[in-house]
Structures are given as C-alpha cells and as structure tokens.
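Participant: The structure is given below, and queries will be raised subsequently.
The values are calculated or read from the model by the stated rules, or taken from the named source; none is laboratory data. Since we're looking at a predicted model, the values are computed, not measured. Reconstructed Cβ throughout: ideal geometry from the backbone, glycine too, with neighbour counts over all protein chains shown.
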Amino acid sequence: MYKYDDHDRAILADRRRQFRDQVTRRLAGRLSEDEFKPLRLMNGLYLQLHAYMLRIAVPYGLLSSDQLRKLAHVARTYDKGYGHFTTRQNLQFNWPALDKVPDILDELAEVEMHSVQTSGNCIRNITADPFAGVAADEIEDPRPYAEILRQYSTFHPEFSYLPRKFKFAITGAVQDRAAVQFHDIGLRLIRGADNEIGFEVLAGGGMGRTPMIGKLIRPWLEKRHLLSYVEAIMRVYNQFGRRDNMFKARIKILVHELGVAEFRRRVEEEWAHIRDSGLLLDEAEIARMKGFFTAPDYEEITGADAGFSQKKQADKAFAKWAARNVTAHKMPGYAIVTLSLKAPGVPPGDVTAEQMEHIAELADRYSFGELRSTFKQNLVLTDVREADLYDLWRALRRHDLATPNIETLNDIICCPGLDFCALANARSIPVSLALTEHFENYDYLYDLGELRLNISGCINACGHHHTAHIGILGVDKKGEEFYQITLGGAPGNDAAIGAIIGPAFAASEVVGAVDDILQVYLEGREEGERFIDTYRRLGADPFRERVYANN
C-alpha cells in the first residue's frame, strides 16, 4: 500500500496544527459555530443530532492491520468503543468530544491516516473495487490510479470550493463492484482494440433527490491523459455548475441540463488547452506508483485444495459460510474472504474495538497484514490460503464476524438515519434490524438468491436505496416516520434506478410489505432467475398489487 513521504507528512502536520488552533479558538468562544463550521467540515468533523461525528478517510478502502489497531484504540479511548464503516469505504466515530478531536488526528497520523476532504464541497474519498489486485476477472489493478487521483485531488487549490461535493469511483474488473455509474466521475480500466489498457470515462452519475446513471463522456482515454482529462471535467463543472441552488449543484444536473453532447464538447474544448501540459502521466510515474501495490509473497500452490472441499462436506455451517462469503482469487490456492458486519442485532457497518483488534490479528495471520472496506459496509481479507479458510472461519465465529449472508437479503446497506443524523427524516437502523430478525432463516435467504436491500433515512440516499433491488427510503409525513419502497435498482454493470411502487408505509408495515414482494418473486420466478431478473420480466404491477392489497 502507499506509504507517506516527507512531503505528505509535512502537509498533514501543518493541517493538524491549524485545526488544533481552530478548535482551541472555538472552545474559547473566539469562533462562533457558524465561523467554525466550514473549518471543521474541511477536517471531516460533522455536528450531528447528539454529538460531533468524525469521518476518517480510507482511500480506496485499503487498510493495514496497524491502521485498524489504531482505529480500535481511538474507538476505545475517545469514543464509545466502536466505529461505523460507510458506503464510501470510510470509518466514522459518532461520539468524539470536540476538545479531543485534535488528539485523535495526531494519533491517526502515526499510522498515516487523516480526515481531510471527507466532507465539504471538494473531491471526497476516492473509492474502488474492494477486490482490486486479486479479483479473478480483473483487467488491471486500479489502486495505483486511485492513489494518483488522491494525490492530485488533495488540497487542489482550484477544486477546494466546488459547487457541491464530488465523488470518484474506479474499477479495473469486468464486473463493476464499485458502482462507478453512480458517481460524479466513474472510471473503468478497459482493453482497447489493440489490447492496450486505458480508461472509459463516465460523468454525471449520483443518487440523492435526483438519482441519475453516469453518462459515457469518453469511451477511450490513454492512461497518460488521466489527470488532464479529469481536470478538464472538473474545470467545466467548477465554471458552469449551479451555485444558486444546492439541490441542483451536483455535476449530474449540469450534464443533464446541457445534454451529454454539449457537456462532452465543453470538456473536449477545455482538454485541448491542457492535454499536453505538466499533468501528463509518463510511464515512469505510473510504474513508481505501481511499486506501492506489488503482489505479496504468494506460495506456489498446485494440486488439491488442502482439505477445503473435505471441510465443507464435513461441516455444513462452514459450507454455508464458504458459499456466501468466499470468492475466487486470481492465484491458485488462495481465496478472497468477506467478513460480514451484518450480524443479527447489529447495525450494519458497526464494528467494535475488540472486533477490530481481532480482525487485525487475523489479517496478519492469514492475509499479509492488509484488509479492505467495501461500499456494502463489510470488510475483506483478500489473500487467504484455501488451506486456512476453516481455521479463519472458526476464529471469525468467536467474534460474530462469520455471518453467512453476503449478497443476500440480510446483507443490508443502511445509513445511520435519525438515530444520529440531523438531516434524516426517519430512523434506518431499527428497520434494518427488524428485517434481519424476520428473515433469519438462512435456507430461505439462500433460496431467494442474490438480493440487494438498502435503506436510507432521507432523500440524500447515503444508504444507496436507489441502487437496491428493494430500496427503502425514510420520509416525514406530518411529523411521523414513514417509508417509501422502490424496486428494480442495481449498482453494477446492469445499473438501474429503483422506481417507487406507491404510497409510503408506517414502520410497522415495512417487514410485511417486503414479505409480500418476496412472495410475488417466489411465485413468479423462472428456473435460476434472480429477483432483479424476475422484476424486469414481470414489471412492477404484480408486486404493487400484492403489497397494497394486503396493506
């Protein structure tokens, strides 16, 4: 993984000194809350319903075991003993005291972590495929380019005060696991006609109150032009993006209002002025960055799977977990393991200090000291020998980290909602827990197959409800919490935006409504058909009719 140099350390040390002084002045009353707000937001500090919340950057989801141990220490020392992983692959602390935040940032700096640009109208944490570098379907590892973009965008003077927040996602695999079509800029590494690898560039995707799928802006871009082309897009957005209305300020609105052809024309015109500038990425710089992301010291494993198949036959519980939480690795004899942070009774994405320490130990023992966070609010050990999977599973079970529910109904994405967030209209966590409790029969979950259910507490869509096969959105109706249901969303290669099926439900009716939806699917599916396929074939009407006939 990328290691800070003296330049990185000096920049962040200066930022921490500035912020410590700003906090001191705020506590002394020399800064009002209005004056302090833009300063704290530039350092990832929010004021939520009950306390401050500090959001820690996890660039492209990559963590070392030492970094996770430090996060555990911060959770135990400065918070309430846990952290919360978000859909931007970051981690949030929900209860830090203001006077301790500078100390937290000093501690995080010891392991090369910070909270810069995790909020505010700037380029936020850049996300990537959590299986980057190890996926069997990968064309090229996107992490070096994500790191290049991170360094380019951090403290970029022209883009520190954009019309609105700005989000990148990048993937290098055939299967999109980074939801690139729902980002302000989405990048795919692809093979050109001559087998050269370059980028497909999308822009104008996003969620929130006006969800949109990103538009293809350039079907092929040479790697050396990555930064100059991105800068051209950013310049057009910075110049023409709406600043008079925050609800129309995202780049997706600009792309929509101009039209794709006109937006592309303006980008290409801007790019013509800078494409051969100092932003060119030469092969030496790309190679230098790739040097931070070399493969670990894999063993050469051939032949049998060292008892993995026999263990699955002998232990049904292990077999269930392996079927859901273990993914093929590009190296023979190795596997990718997803650690579910969705155990029954636990808010999705929450992880205790003790669990973090345990995961860090397992990462050292089984996965070369590294792990990943995912936009689905889980964690991943990317380099586990098949021979070690059974022992790993037993160790995970001891700490409630082996829930076998990945890509099932109970692998729920859920924002903090009205339990924490001042922007929310309704609570999300209790709904997620009620659904998990109701659908706890794993045989039933596995029979349902791949099924995405996401919950957002407000229209800002931090729970990605627009991209779910079944999406749930909290709304306010005359001071009461209600929930709209959408169907048909998808975040990957077949990206789609879910459609509202009808009037909202009371909290007590949500589980029953989801149950009705699933019954229509089970009655109407064809052999081997996923929920999303059945929905697309049948349309919304049979689902709508069943749900509202019973409510």
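Participant: Of the residues Val101, Val116, which is assigned to a loop (DSSP other than H, G, I, E, B) and not aromatic (Phe, Trp, Tyr)?
Facilitator: Only one candidate passes the filter, namely Val116.
Participant: Within region 473-498, how many residues turn out to be crowded, with 16+ Cβ neighbours inside 10 Å, free of Cβ contacts under 8 Å to residues at least 60 places away in the same chain and under 30 Å from Ile170 (Cα atoms)?
Facilitator: Selection size over region 473-498: 8.
Participant: Oh, and also: Output the helices (runs of 4 or more DSSP H) that fall wholly within region 348-462 and possess 2 or more residues being of a type in the set (Gly, Ala, Ser) and touching a Leu at 6+ places or on another chain (Cβ under 8 Å), or say none.
Facilitator: 353-366
Participant: Also, quick follow-up: If you go through region 37-55 one residue at a time, do you hit one that is free of Cβ contacts under 8 Å to residues at least 12 places away in the same chain, surrounded by fewer than 17 Cβ atoms within 10 Å (Cβ to Cβ) and either not small (Gly, Ala, Ser) or not assigned by TED's automatic domain parsing to the domain that holds Pro144 (or both)?
Facilitator: yes
Participant: Please enumerate the residues belonging to region 501-534 that are touching a Ser or Thr at 6+ places or on another chain (Cβ under 8 Å) and farther than 30 Å from Pro130 by Cβ.
Facilitator: Once the filter is applied, which keeps residues that are touching a Ser or Thr at 6+ places or on another chain (Cβ under 8 Å) and farther than 30 Å from Pro130 by Cβ, region 501-534 yields Ile501, Gly524, Glu526.
Participant: In addition: With the requirement that a residue be touching a strand residue (DSSP E or B) at 6+ places or on another chain (Cβ under 8 Å) and either of a type in the set (Gly, Ala, Ser) or over 15 Å from Thr486 (Cβ atoms) (or both), what does region 436-461 give you?
Facilitator: Ser456, Gly457, Ala461
Participant: Conditions: (1) at pLDDT 95 or above; (2) assigned by TED's automatic domain parsing to the domain that holds Ile472; (3) surrounded by fewer than 24 Cβ atoms within 10 Å (Cβ to Cβ). Ala424 meets all but one. Number of the miss?
Facilitator: (3)
Participant: On to the next question. With the requirement that a residue be buried (at least 18 other Cβ atoms within 10 Å of the Cβ) and either assigned to a loop (DSSP other than H, G, I, E, B) or not acidic (Asp, Glu) (or both), what does region 225-240 give you?
Facilitator: Matches in region 225-240: His225, Leu226, Leu227, Ser228, Tyr229, Val230, Ala232, Ile233, Met234, Arg235, Val236, Tyr237.
Participant: Scan region 510-521 for residues that are in contact with a strand residue (DSSP E or B) (Cβ under 9 Å, 6 or more places away or on another chain) and either aromatic (Phe, Trp, Tyr) or surrounded by fewer than 16 Cβ atoms within 10 Å (Cβ to Cβ) (or both) and jot them down. Outline the logic, then answer.
Facilitator: Restricting attention to region 510-521, the residues satisfying the condition of being in contact with a strand residue (DSSP E or B) (Cβ under 9 Å, 6 or more places away or on another chain) are 510, 512-514, 517-518.
The one that is in contact with a strand residue (DSSP E or B) (Cβ under 9 Å, 6 or more places away or on another chain) and either aromatic (Phe, Trp, Tyr) or surrounded by fewer than 16 Cβ atoms within 10 Å (Cβ to Cβ) (or both): Gly512.
Participant: Now for a different question. Look at Arg150 and say whether it is farther than 24 Å from Arg17 by Cβ and touching a Phe, Trp or Tyr at 6+ places or on another chain (Cβ under 9 Å).
Facilitator: It is false that Arg150 is farther than 24 Å from Arg17 by Cβ and touching a Phe, Trp or Tyr at 6+ places or on another chain (Cβ under 9 Å).
Participant: Given Ser309, Ser277, which one is within 30 Å of Gly241 (Cα to Cα) and among the polar types (S, T, N, Q)?
Facilitator: One residue alone meets the criteria, Ser277.
Participant: Looking only at region 403-421, which residues are surrounded by fewer than 24 Cβ atoms within 10 Å (Cβ to Cβ), under 14 Å from Glu450 (Cβ atoms) and charged (D, E, K, R)?
Facilitator: Glu407
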